[in-house]
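Written below as C-alpha cells is the structure these notes are about.
The values are calculated or read from the model by the stated rules, or taken from the named source; none is laboratory data. None of these values were measured; they are calculated from a predicted model. Here the Cβ positions follow ideal geometry from the backbone for every residue, glycine too, while neighbour counts run over all protein chains shown.
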C-alpha cells in the first residue's frame with residue numbers, strides 16, 4: 001500500500017512538471033513598460049487546451065485564454081493611463097508573476113550605427129546621473145535569420161549606469177526628453193546594427209516582390225560588418241517583437257544605402273508599411289536625415305538626403321535635419337547625439353503628443369517663382385523667417401540657367417521667403433541649396449533649426465569621385 005501511494009505521488013509530481021509549460025518571450029517580463037491606454041498583447045507558449053488565467057494588479061481583473069493546438073497562447077488586455085509599478089500573474093499548470101511593470105509610452109529605436117552608437121562624451125557625462133526608474137531599456141542583440149523568429153535574447157532593465165552602458169545614445173536622449181516632458185514611464189526598445197541597408201530590415205517578400213526594390217537589392221554586396229540579404233535582420237530583430245504594443249519608432253539609417261540611393265524613398269516607405277502591418281498599428285515614424293560626410297562618389301549622400309525629404313509625403317512620418325551637428329565630414333559618425341535625440345523628441349512631442357514647441361520642424365522647400373533674373377523661394381515651417389549665425393552671408397545657395405551650370409547666388413531674406421539672383425545667370429531656371437555630400441550651410445529658421453537641403457531640378461547627376 002505504501003509503495004502504491006509513493007508511486008502515485010511520484011507520478012503526480014512528474015505529471016505536474018510535464019504540464020507546467022507556460023513560457024513567455026523575453027519581451028514579456030518583469031520591468032517592462034506596456035503602452036498606456038491601449039489594448040496590448042500578452043503571449044507565449046503552453047500545452048494545447050491548457051487554461052491560462054491572467055490577472056493584472058491595476059484593476060485586479062482576471063481574464064483567461066486556452067492554449068492552441070500549436071502550443072501557443074495570446075491574450076489581449078486593456079491598459080490604464082500611465083502609472084505603476086504593477087504586477088501581472090499568468091497561471092496555467094504553473095504560475096509566472098511579472099513584477100515592477102510600468103504603464104507608459106513605448107518606442108522602438110532602430111537603424112544602423114548612428115542609432116547604435118553609445119560611447120560618446122555626452123553619454124559618459126550622463127552615466128553617473130542616469131538612474132531613472134521611469135525609463136526602461138530593452139536592448140536586442142545583433143542576430144539574423146532566414147525565417148521569422150519567435151523570440152530574442154534580451155531583457156528589460158531599469159535605466160541606470162550599468163544598463164545604459166552600450167545602449168543607443170540617440171534613443172536614450174530621446175526617451176529622457178519624453179519622460180521629462182510627459183512625466184510618464186518610457187520604454188525604449190533598441191534594435192540596431194551598424195552598416196546595414198534598409199533592405200535587411202524589410203521583409204524579404206516585400207523586397208523580392210517588387211521589381212524596383214529587387215533590382216536595387218541585387219546590387220548590395222557582402223561586407224565584413226553586417227548582413228546584406230533582404231529580410232535577415234527583420235526576421236531576427238523586428239518580427240519577434242511585433243506582437244508588443246508600441247507608441248512609435250525612431251530611425252537613423254541611410255548611409256549604407258548610398259550606392260543605391262535613388263530607390264531609398266520607395267524602399268523605406270515599403271519597410272514602414274510592412275512594420276505597421278506587422279505591429280497592427282499606424283504608429284508615427286520619425287527619422288534622422290543623414291549627416292554631411294565625404295562619400296566616395298559626388299552626390300551619393302545628397303541623393304539619400306533628397307530621398308529622405310521626399311519620404312515626408314508618406315503618412316505619419318517626420319524628419320529631423322542635422323547638417324549643423326557635424327564636427328568632421330571625414331567621420332560618418334557625428335559625435336553629438338544629444339541634440340539628435342532632442343530634435344526627435346521635440347518632433348514627437350509636437351506631432352504625436354500635441355505639445356506646443358515652436359520650431360520643432362526644420363524649414364523645408366515648398367515652391368519657387370521666377371521673375372526675370374530673380375528666384376523667390378517659399379518654404380514650410382519658417383513662419384518667422386530666416387537667419388544666419390553671427391549675421392554672416394548665407395551660404396550654399398546656387399542658381400543655374402538652361403545651360404545647367406550652377407553658380408553661387410546672392411541671397412536676400414524677405415520675411416518667410418528667400419530671394420536669389422546672380423549676374424552670371426540672367427535667366428535662372430533651377431536652384432540648389434546644400435545639395436552635396438558635405439555641405440553645411442549657415443541658414444536657419446529663427447527658431448534655430450537648419451534649412452533642409454534641396455534642389456528644384458531633376459537633372460541627371462554626374463557620377464564622379466567626390467572632391
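If only residues of region 306-338 that are in a helix (DSSP H, G or I) and in contact with a strand residue (DSSP E or B) (Cβ under 9 Å, 6 or more places away or on another chain) are counted, the one that is surrounded by the fewest Cβ atoms within 10 Å (Cβ to Cβ) is 312. Count of region 173-189 residues, restricted to those that are under 17 Å from residue 246 (Cα atoms) and either assigned to a strand (DSSP E or B) or out of contact with any strand residue (DSSP E or B) (no Cβ under 7 Å at 6 or more places or on another chain) (or both), is 4.
Every residue in region 52-94 that is assigned to a strand (DSSP E or B) and without any contact (Cβ under 8 Å) to a residue 12 or more places away in the chain, please. Correct list: 61, 62. Condition check: under 22 Å from the mean Cα position of the chain (by Cα), closer than 27 Å to residue 279 by Cβ and surrounded by 19 or more Cβ atoms within 10 Å (Cβ to Cβ). Does residue 116 satisfy that? Here the answer is yes, as residue 116 does meet what is asked. Residues in region 270-289 that are within 13 Å of the chain's Cα centre (by Cα) and outside any strand (DSSP E or B): 271, 272, 275, 276, 283, 284, 289. Within region 310-324, being touching a helix residue (DSSP H, G or I) at 6+ places or on another chain (Cβ under 8 Å) and either over 16 Å from residue 360 (Cβ atoms) or not assigned by TED's automatic domain parsing to the domain that holds residue 114 (or both) holds for 310, 311, 314.
Take the residues of region 422-436 that are outside any strand (DSSP E or B) and under 33 Å from the mean Cα position of the chain (by Cα): which is surrounded by the fewest Cβ atoms within 10 Å (Cβ to Cβ)? The residue in question is 436. As an exercise: evaluate residue 222 against (1) more than 15 Å from the chain's Cα centre (by Cα); (2) modelled with pLDDT of 95 or more and give the number of the one condition it does not meet. Unmet for residue 222, out of (1) more than 15 Å from the chain's Cα centre (by Cα); (2) modelled with pLDDT of 95 or more: (2). For region 30-51, residues that are crowded, with 19+ Cβ neighbours inside 10 Å, within 30 Å of the chain's Cα centre (by Cα) and in a loop (DSSP other than H, G, I, E, B) total 3. Which numbered condition trips up residue 367, out of (1) over 27 Å from residue 178 (Cβ atoms); (2) over 17 Å from the mean Cα position of the chain (by Cα); (3) touching a residue at least 12 places away in the same chain (Cβ under 8 Å)? Every listed condition holds for residue 367 apart from (3).
Here is a yes/no grid of residues against (1) buried (at least 17 other Cβ atoms within 10 Å of the Cβ); (2) within 23 Å of residue 173 (Cβ to Cβ):
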residue: 198; (1), (2): yes, no
residue: 206; (1), (2): yes, no
residue: 214; (1), (2): no, no
residue: 229; (1), (2): no, no
residue: 247; (1), (2): yes, yes
residue: 252; (1), (2): yes, yes
